[in-house]
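The values are calculated or read from the model by the stated rules, or taken from the named source; none is laboratory data. This one's a predicted model, so the numbers in the text were calculated from it and none came from an experiment. Every residue, glycine among them, receives a Cβ derived from its backbone with ideal geometry; neighbour counts consider all protein chains shown. Side chains are part of the model used for accessible areas, which takes the heavy atoms of the whole protein and leaves out ligands, DNA and RNA. Shrake-Rupley method; radii C 1.70, N 1.55, O 1.52, S 1.80 Å.
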Amino acid sequence: MSDIAASWSPLEPSTVEAAVAAAAGPDWTVRLLAAAGSTNEVAAADPVPRTVVVADHQTAGRGRLDRSWSTPPGTALTFSLVLRPALPDRHWSLLPLAVALGAADGIASLTGLRPDLKWPNDLLLGGRKLSGILLERVPGRDGRPVVVIGIGVNVGMGAEQLPVEGATSLAVEGVAPDRAALLGALVAAVDVRVDELATGPDRLLAAYRSRCVTLGRQVRVHLPAGRELTGIAQDVDDDGRLVVDGVPVGAGDVVHVRAR
Ligand code: BT5
């Protein structure tokens with residue numbers, strides 16, 4: 001594993017631009033930074049649609065609900081893309097699900113590995129977290145809303161470099177894709193799923209429900225107000241909420257307790 005990690009080289013602007021253009025089309029603008037605190041923060045400061053901000057090393061990565069995302073230098077893909085989805089307001093809550101599906105598609109297309117989806121948008125391999133996603137809705141330059149989609153993927157970390165228990169990386173799972181090619185595949189696949197959502201939510205919801213390994217399991221949900229809910233995850237409703245023993249949950253941290 002450490003051999004795979006040692007072979008990692010810095011991202012190069014021309015390679016990254018070419019990989020994104022080849023996979024996702026020529027209309028994307030790529031901003032490659034050697035280091036950044038949080039790519040979501042950089043992207044949100046000037047959120048121009050169809051821009052992707054990628055940091056070779058992210059030093060203060062953000063998770064959901066004020067948590068953090070940490071990755072050793074050179075071992076991860078950490079980036080944010082800005083989109084202005086053509087969606088009615090009521091469908092914006094489905095964007096995290098569309099992005100999770102897209103990220104899983106992108107990883108599968110390049111590596112052959114097929115990550116599972118944990119509600120709302122964690123990507124797991126063998127029950128371990130490979131990738132995390134953070135969406136933020138912010139005003140664009142013209143004041144109309146855009147979404148900043150932050151994605152972190154553990155790519156080249158050896159087992160000893162994994163930042164938290166319960167994490168995994170592509171290298172640990174035995175594959176070592178080129179980070180620039182993986183970035184291109186992810187941007188393209190996320191774009192496709194967001195477009196699919198814009199045509200109507202039914203297909204996207206069906207695809208998500210069939211891939212979401214949270215469904216049917218006993219879960220414990222830590223709700224934002226410090227409350228907790230335990231029960232069976234029965235469904236993902238048409239607003240993208242997880243239904244636990246009849247209670248729809250819009251935001252919270254889910255722990256898979258055990259299989260049903
Ligand atoms: C997430 O939050 O999983 C969203 C992570 C989004 C990161 C991307 S990187 C590019 C962009 N710029 C940013 O600043 N952020 C985005 P959440 O579901 O809250 O999970 C956070 C939890 O995951 C932490 O509390 C840790 O337990 C765990 N964690 C942290 N780093 C990890 C890693 N590299 N791999 C797996 N788990 C990790």
Criterion (away from the ligand (no atom under 11 Å from the Cβ), within 16 Å of the chain's Cα centre (by Cα) and in a loop (DSSP other than H, G, I, E, B)) met by exactly one of ARG137, ARG141, ARG114: ARG114
field: Criterion (farther than 23 Å from ASP89 by Cβ and open to solvent by less than 30 Å² (accessible area, probe 1.4 Å)) met by exactly one of ALA181, ALA185, ALA225
entry: ALA185
- prompt: Going by the structure shown, is SER80 part of a helix (DSSP H, G or I) and among the hydroxyl-bearing types (Ser, Thr, Tyr)?
  reply: no
- prompt: Of the residues that make up the stretch 28-35, is at least one in contact (Cβ under 8 Å) with a residue 40 or more places away in the chain, more than 7 Å from the ligand (Cβ to nearest atom) and surrounded by 13 or more Cβ atoms within 10 Å (Cβ to Cβ)?
  reply: yes
query: From the set of residues in the stretch 117-132 that are in contact (Cβ under 8 Å) with a residue 60 or more places away in the chain and touching a helix residue (DSSP H, G or I) at 6+ places or on another chain (Cβ under 9 Å), which is farthest from the ligand (Cβ to nearest atom)?
result: LEU117
task: Quick one: count up the residues across the stretch 232-260 that are free of Cβ contacts under 8 Å to residues at least 24 places away in the same chain and at negative phi.
output: 5
field: Filter result (within 8 Å of the ligand (Cβ to nearest atom), open to solvent by less than 50 Å² (accessible area, probe 1.4 Å) and among the hydrophobic types (A, V, I, L, M, F, W, C)) within the stretch 44-68
entry: ALA55
query: Restricting the search to the stretch 204-222, which residues are open to solvent by less than 20 Å² (accessible area, probe 1.4 Å) and either among the polar types (S, T, N, Q) or assigned to a helix (DSSP H, G or I) (or both)?
result: LEU204, LEU205, TYR208, THR214
query: Of all residues in the stretch 69-82 being in contact (Cβ under 8 Å) with a residue 60 or more places away in the chain and more than 7 Å from the ligand (Cβ to nearest atom), which is farthest from LYS129 (Cα to Cα)?
result: VAL82
- request: Would you point out the residue of the stretch 14-27, among those that are within 22 Å of ALA86 (Cβ to Cβ) and in contact (Cβ under 8 Å) with a residue 24 or more places away in the chain, that is farthest from the ligand (Cβ to nearest atom)?
  value: GLY25
ARG211 vs. criteria touching a helix residue (DSSP H, G or I) at 6+ places or on another chain (Cβ under 9 Å) and away from the ligand (no atom under 12 Å from the Cβ): yes
Only one of ALA167, ALA98, ALA103 that is within 12 Å of the ligand (Cβ to nearest atom), closer than 21 Å to ASP239 by Cα and either open to solvent by less than 10 Å² (accessible area, probe 1.4 Å) or more than 17 Å from the chain's Cα centre (by Cα) (or both): ALA103
query: When you scan the stretch 228-260, how many residues do you find that are open to solvent by 60 Å² or more (accessible area, probe 1.4 Å), part of a loop (DSSP other than H, G, I, E, B) and closer than 19 Å to ASP116 by Cα?
result: 3
message: Condition first: closer than 26 Å to ARG258 by Cα and open to solvent by 10 Å² or more (accessible area, probe 1.4 Å). Can you find one or more residues in the stretch 188-203 that meet it?
response: no
